[in-house]
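I have placed the structure first, in the form of structure tokens, so that the comments after it can refer back to it.
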Amino acid sequence: MKNNDLLSEGNKVEFERDLNQFIRKLIDWKTDSSLVHRADDLNTTISTDALPLGGQSLDDSIEELVGSLDRNINFSSKKFMGFPDCGNSLAGLAGAVAEVFLQQNLINKDICSPMGTEVEADVLNWLRELIGYAVNNKLTDVSQLGGAVTTGGVMSNTYALMAAARKYPDKKIVILPNNIGHYSLSYATEWLNLDVKVVYCKTKQYRLDQVELKRLLHFYGESVLFVGVYACDSMTSTCEDLEGVYHVVKEVENDIWLHADACHGFALSFSDAYRSKVTYLRHYDSCTMDPHKVMWLPYTLSVVLMKNADDFGTLSRTNALIMDDPLSFGKTTPFIGSKPYDSLKLWMVMKTLGVHEIGEMVEARISNADLFYAILNSDINFYVGNDDILFSVIFQYVPDKDAEIEQINEVNRSIYRKMLSDGEYYFHGFDIMVNGSKRFVLRYNSGNIDVTEKELRAAVNYIKKLGKEIAHE
């Protein structure tokens, strides 16, 4: 093929052959669990290539990309245990491929995405029904869906805060959990230039301290705009007491926007065994979900939903150029004009698996986390920092039973750095307050349910090996 060829009847056979070969190599890479990555890229600078004044053949560009695959982090590796974002669903991958080829722009239904708009409406209504929000099956305006597919949890949480500020424009206090908070909500107050004050409520066992929350609500009175909680938090995956927080807030002041960042925890809604932990989401004014985190989808796909569709409608705008259409998703997504067909990935997964099979997969994630917790808890060389296990386990390697916390912290920071350099395994690492002490912990997250007990035990032995080497340097 020529360098400047566009897809046509004349070259489609040759392109199909080359593309199939390329996809086989990508699949080989994605299913290779020997390592997380092979190249040591822990550099403090980025070196960029020279501007390509003359082109090269497509074959050469593909080979160059294939030759550098090992510089990428393989989230689907069974040795990648730090995040849930494994992106290895067959249905999700098929949807992602179709999305690229179909090239629908959901900014406008009639001229850009007739089927795409219906697919996105499907997934928004399915998720509303899943968590107990009212569903509108006959739409004359997409704002009646009371939600949107966005680029990620940051954007989804920002939409919720925007809607709250429109509903209660004279209120200025935003209350968020301390210690376990995700940056998106606090940053949104700055990005939007909202004239609000963020107040952090202390937490107990990674949930809001309800006594302290009640005190803050009484102290700030009618100035409270927004109370945000996590179901589940992104550090420990602890699910908030949604019912308890709801009643504390409503007993003090009814006109406060209650928001649940359920980017991780909404997946519990699929499970018969764990659904009760998040049934109170249906009473919250808004919630956010990240299917790309917890439903094995390729990046990116996040969702924000609002209990009252009219609240979401306050974010809508129209434009005669392309969005002056009541069925245009472009008018309901601030900061997003042209809108990709990301919802197709979620539609494919939910259509292919159905609620019950997804629920079983969610339960398998929790079983793996329980197993990892049990392995660590039976080993004197490990300290576990959470015990209400859903998807995550935070832990430290303990070099000696008499070691001080700072020594333990430094050993675990060194383990983390060495792990990044090796590329053999990955566990996340961060600082968090645990039982009154600041600790640098490693975090297991059970994203990939293909991981077996043998592989979990091998990962623990790897951490122990690094810990012993570092402690005796």
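The values are calculated or read from the model by the stated rules, or taken from the named source; none is laboratory data. Here the structure is a predicted model, which is why all the values come from computation and not from measurement. Note that each Cβ is placed from the backbone with ideal geometry, even for glycine, and that neighbours are counted across all protein chains shown. Quick note on the areas: whole protein, heavy atoms, side chains included, nothing else; ligands and nucleic acids left out. Shrake-Rupley method; radii C 1.70, N 1.55, O 1.52, S 1.80 Å.
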Of the residues that make up the range 325-333, is at least one open to solvent by 50 Å² or more (accessible area, probe 1.4 Å), in contact (Cβ under 8 Å) with a residue 60 or more places away in the chain and touching a Phe, Trp or Tyr at 6+ places or on another chain (Cβ under 9 Å)? no
Any idea which residue in the range 107-120 is farthest from M348 (Cα to Cα), counting only those that are modelled with pLDDT of 90 or more and open to solvent by less than 20 Å² (accessible area, probe 1.4 Å)? S113
Odd one out for C232 among (1) assigned to a helix (DSSP H, G or I); (2) touching a helix residue (DSSP H, G or I) at 6+ places or on another chain (Cβ under 7 Å); (3) open to solvent by less than 40 Å² (accessible area, probe 1.4 Å); (4) not charged (D, E, K, R): (1)
Any chance the range 397-406 includes a residue that's under 26 Å from K30 (Cβ atoms) and either in a helix (DSSP H, G or I) or at pLDDT 95 or above (or both)? no
If the requirement is being open to solvent by 100 Å² or more (accessible area, probe 1.4 Å) and either touching a residue at least 12 places away in the same chain (Cβ under 8 Å) or hydrophobic (A, V, I, L, M, F, W, C) (or both), which of these qualifies: R17, R71, R24? R71
So, in the range 456-473, of the ones that are touching a residue at least 24 places away in the same chain (Cβ under 8 Å) and under 16 Å from F372 (Cβ atoms), which residue ends up surrounded by the fewest Cβ atoms within 10 Å (Cβ to Cβ)? R457
Can you tell me which condition D370 does not meet? The list is (1) surrounded by fewer than 20 Cβ atoms within 10 Å (Cβ to Cβ); (2) touching a residue at least 24 places away in the same chain (Cβ under 8 Å), and all the others hold. (2)
Expected output for the range 99-121 (first residue under 11 Å from S338 (Cβ atoms) and β-branched (V, I, T), partner part of a loop (DSSP other than H, G, I, E, B) and open to solvent by 20 Å² or more (accessible area, probe 1.4 Å), Cβ below 7 Å, 6+ apart or cross-chain) is I107/I322; I107/M323; I107/G337; I107/S338
Looking at the range 155-182, which of its residues are under 17 Å from C287 (Cβ atoms) and of a type in the set (K, R)? K167
